[in-house]
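Each value in this text was obtained by applying a stated rule to the coordinates, not by laboratory testing. Just so it is clear, the structure is predicted and the values come from calculations on it, not from any experiment. Don't worry about glycine lacking a Cβ; one is built from the backbone with ideal geometry, like all the others, and counts go over all protein chains shown.
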Amino acid sequence: MKKILVSTALLAGVLSYAGGFRVSLQGVKQLAMAHTSAHAEDASVAFFNPAGMSFIPSRLSIAVGGFAAGNKVTFQNTNTLQSTETDNPMGTPLYAAIAYRPIEKLSVGFSFSTPFGSTIEYPSDWEGKEMVQRLELKAFYFQPMISYKFNDWFAFGASYIYAKGDVKWDKAITQFGGELNLDSKASGHGYGFGFYFRPDPKLDVSVAYRSPVDMKAKKGTATFSFPTASIYPLLGLDASGKDSFSATLPLVEEYTIGLTYKITPKWLISADFNYHGWERYSKLTLDFGNAPVGNQPSDPTVSVSPKNFHNTKTFRLGTQYAFTDKIFGRLGAYYDESPYTDENFIPETPSYNTYVVTGGVGFKLKQFGVDVSGGYAMPQARDVKNANLGFYGQSTATAFYVGLGLSYNPF
Amino acid sequence: MKKIIISTIAISALLFTTSCENEFDTDVKDIVVSKGEADFTKYVSLGNSLTSGYRDGALYIDGQNESYPSMIAQQMKLVGGGDFRQPLMADNNGGLLLNVGVNVQIATTKLYIDSFIAGAPDIKNANNNVATTLTNTVLAGPFNNMGVPGAKVSHLLAPGYGNVSGVLAKTANPYFVRFASSPTTSVIADFKAQNPTFFSLWIGNNDALLYALAGADSSVETLTPPAQFAQYYNALIAEIATTNAKGVIANIPSVTSIPSLTTIPTNPLTSAVLGNGNIAAGEANIDNLNTNLYGPLNQILTAFGAGDRIKPLSKTAANPLLIKDESLPDLKVQITAAAAASGNPQLVALATYLGTTYGQARQAKAGDLVPLTTKSEIGKAEPTALAALSAKGVSYPFADKYILIPSEITEINTAIDAYNVTIKAAAASKGYAFVDANKKMNELGSQSGVSWDGVKYTAKFVTGGAFSLDGVHLTGRGYAIIANEFIKSINATYKSTLPWVDPNKYSGVKFP
């Protein structure tokens, strides 16, 4: 019976990740189990659900970790037979969390994480250079949080999110034989809250919500570089070809329900369902200070690009087996939907329906924990049919992640 | 227990490898292109300026290298296509010299943007409008690109069209002179002599375009009657068909949506324009015009129920050009009589002149089209006019050749529609591939334009990217968009798989 249960459960996992520029790398231990959330062993739970802090066995817990994320995007145009591969630098998402329980019912904590970000770099003369040559997106979340444990089996927690980040976007303006670089810092505010239940010693249930954050870039610098400066005055630019711009980039909300069930004292399985509110990214509006390089008849300094993202779901399934009380093996798989259709494919944030397999091992040496994990993503090749941009072809990608995490639970 | 885990991992792994398609079904690096049922070994293109690679008001080397047939030929080379020779000009400025004992320049050099003045491009002729290409120098052919700037359909059939002695009399074409195999040959005869295996034909534009650019003034250029067009076109197709070459033919784009006819507004007369930059002078000019011309004419015309023809000028808004509309009832007699009876000594003295000059005058309005070439004529003195009332388009109505009125636009478009029926039928009857160039150019002319890899091309003058500085011919990029239409049609008809070209790789409008 158990055999069948396990087989079907894992198969379900296979059939069932977050797209766009969302990065699901906030816990090394969690990643090894498909980045599932209902794990209250150390402070790394803080990002996933502030209420989870109330169920961390030790009163003080510190968790830090980092990842190396490599990926490559391939685009091919079946009409012109051109093929392009990106040369993306290795991404290095980081996280750190601390949770402390001064009194039994109350926990306080702090989480630092990098939940959104990506750097995509195409060859600078690739066919889609007018759309993007290089895009670097970074967002850092600083989250102080608190959790209250009502009783043995239920806690509620909430956090405030301060988000800070930058955007650097290079693209060609081929009509003038030049380039445009958009560079801005941005910041925004949000919040999160969650419920953590342990109705039975064998079962953990995590229900969490993280609000959207509007990253407002108010003092962006748009630098135009053309072969001659004669065009600068025409575009309302200063002698160095600079203009200001403002924009808002939405970082989306996320709803998560997670379960962890201990089948035996040594063996547990976890499942997660995430719902991501990408619908908020319906368009990107760039408002330039002077340059009439937009596309709005009423105000030529405003450029509006349709994005038409839609909400997405992620299905995750992971498992952990304790070989001894010091060594743990972990496996997982998840399926992550792309937030847009083929008709809305954009090369600056390429996205695919993606299967990911994950795994890792953990070691516990008294109060120290060391975990390593890895993930291999299999983004599904897709057709590109963006009529608005006149961008047609096929695209696929490969990606892998490796992570190293440390935790410390002194008392 | 371990066994279970291992077995589930194995099943999962198997499932992944079978269900995942993270690779492309076909990698473009593995695609072998095919010529299908066509033979591209000897491709010869027939046509006019659009085929020759003419742009910026001239034929010059860079433009020729970015002609659409040259682009297509590059793709054909991938499947056995031969070299594509073009009768290249002597330099990159264009323009032509004709030796008639001495060298006379018969075509101007290419246009370029010298600078921007108050946001508007200041367009000049390259090399101070000094040409170096000598028409009389005949190049050793044959040439694969036989596009002849200025040619109408009938010209391709005409013997002697390459005879240098007929250039000044306009019985011959200076561009064809440069590569005709003999003074007596015709374009079609030189075409046939090459035994082409594949051809492209895009001709007929000038049968309507030249007339449109001349403001539909038939004393300057004529519109080929559709029946005559059909006769010539079918004769041309019959000649081509004797070669057994397979090929592709394109229809004619509507000529009234090109930047050359849509850029200059019908109401360019602001106080600044009328004062040559001096607003106060412009306002004084407006007062003067209203008192002595526009006002009295408005009063007289109103009395005859035609007050909407001419309204007094405004100092705060842009005012319309004054034009002559030959489709209007001529109120010559009425104006003369009214002026004579006005009691105003100035009007009385000019009564006959006013009637003659303004009998069919009206202000331009939406629906009229002002050719780009008319811009430089605005306010210039008309020599036949009374000196005080001689500013063309301001105090003297622009003659027919400067403006297209709605009835003329309809006449032209009706003719083009008829031409296109002939062209499509000709393609169908011979099984040639057919390109709806008209449809593609209309797309360019629409608000949304044509997008390619994030670059938006429209028919807007200078900034639209698709049209060169003459407002009639395309840029390298615009020609590439057309080349792709030819390639699509060739592939569809002859089951070939010629790859498309990337328009963004070609040159657009050059900025200073």
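In units of the rule-of-thumb radius 2.2 N^0.38 Å, the protein assembly as shown shows an alpha carbon radius of gyration of 1.23.
When DSSP beta bridges are restricted to pairs lying wholly in chain B, around 50% turn out antiparallel. Projecting the Cα atoms of A:241, B:511, A:82 onto the charge dipole of the protein assembly as shown (Cβ charges, centred on the Cα centre) puts A:82 farthest toward the positive pole. Lys-Lys pairs in the stretch A:256-348 that are eight or more residues apart or on separate chains and whose Cα atoms lie under 24 Å of each other come to 4.
If the cut-off is 20 Å between C-alpha atoms, which lysines fall inside it for residue A:149, apart from same-chain ones fewer than 8 positions away? The reachable lysines, counting only those whose Cα sits under 20 Å from residue A:149, are A:105, A:202.
Computed from the Cβ-Cβ distance with R0 of 51 Å, the FRET efficiency linking residue A:148 to residue B:31 stands at 0.20.
Label the stretch B:257-346 by shape, choosing from rounded, prolate and oblate, from the square roots a ≥ b ≥ c of the eigenvalues of the Cα gyration tensor; if a/c is under 1.5 it is rounded, and otherwise prolate applies when a/b is larger than b/c, oblate when it is not. It is oblate, given that a/c is not under 1.5 and a/b is not larger than b/c.
Label sites at residue B:120 and residue A:136, each approximated as a point 7 angstrom past Cα along Cα to Cβ, lie 4.5 nm apart. Loop-located trypsin sites (Lys or Arg not before Pro) across the stretch B:356-391 with a Cβ neighbour count of 16 or fewer within 10 Å are B:365, B:380, with loop assigned by DSSP. For residue B:302, the shell of other residues with beta-carbons less than 15 Å away shows a net charge of +2, using +1 for Lys and Arg and -1 for Asp and Glu. Here residue A:129 is the anchor, and the aspartates and glutamates within straight C-alpha reach of less than 18 Å, apart from those fewer than 8 places off in the same chain, are A:85, A:87, A:121, A:170, A:179, A:183, A:348, B:453, B:502. The charge dipole of chain B, taken about its Cα centre with unit charges on the Cβ atoms of Lys, Arg (+1), Asp and Glu (-1) only, comes to about 420 debye. Straight-line reach only, C-alpha to C-alpha below 16 angstrom: list the lysines that residue B:495 could link to, leaving out same-chain residues fewer than 8 apart. Within reach: B:35, B:246. Summing +1 for each Lys or Arg and -1 for each Asp or Glu among the other residues whose beta-carbon sits under 13 angstrom from that of residue B:41 gives +2. Once both labels are positioned 7 Å from their Cα atoms along Cα-to-Cβ, the gap between residue B:356 and residue B:137 label points is 5.1 nm. Say the dipole of the stretch B:30-112 comes from +1 at the beta carbon of Lys and Arg and -1 at that of Asp and Glu; which of B:104, B:40, B:68 then lies farthest toward its positive end? The residue sitting most towards the positive pole is B:104. Considering only A:161, A:108, A:137, and ranking their Cα positions along the charge dipole of the stretch A:78-179 that arises from unit charges at the beta-carbon of Lys, Arg, Asp and Glu, the one farthest toward the positive end is A:108.
If you plug the beta carbon distance of residue B:129 and residue A:404 into 1/(1 + (r/R0)^6) with R0 = 60 Å, you get a FRET efficiency near 0.25.
Given +1 at the Cβ of Lys and Arg, -1 at the Cβ of Asp and Glu and no other charges, the dipole of the stretch A:134-197 around its Cα centre is 60 debye to the nearest 20. Among the lysines of the stretch B:384-461, pairs that are 8 or more positions apart or on different chains and have alpha carbons within less than 21 Å of each other number 7. Of interest is the spacing of the C-alpha centroids, which for the stretch A:220-266 and the stretch A:64-106 amounts to 16 Å.
Using the Cβ of residue B:76 as centre and a radius below 13 Å, the other residues enclosed give a net charge of +2, where K and R count +1 and D and E count -1.
The magnitude of the dipole of chain A, with charges of +1 and -1 set on the Cβ of Lys/Arg and Asp/Glu and taken from the Cα centre, is near 1580 debye.
Averaging 1/r over every pair of different alpha carbons in chain B and inverting the result gives a Kirkwood radius of 25.7 Å. Applying both filters, DSSP loop and at most 14 other Cβ atoms within 10 Å, to the trypsin sites (Lys or Arg not before Pro) of the stretch A:79-153 gives A:105.
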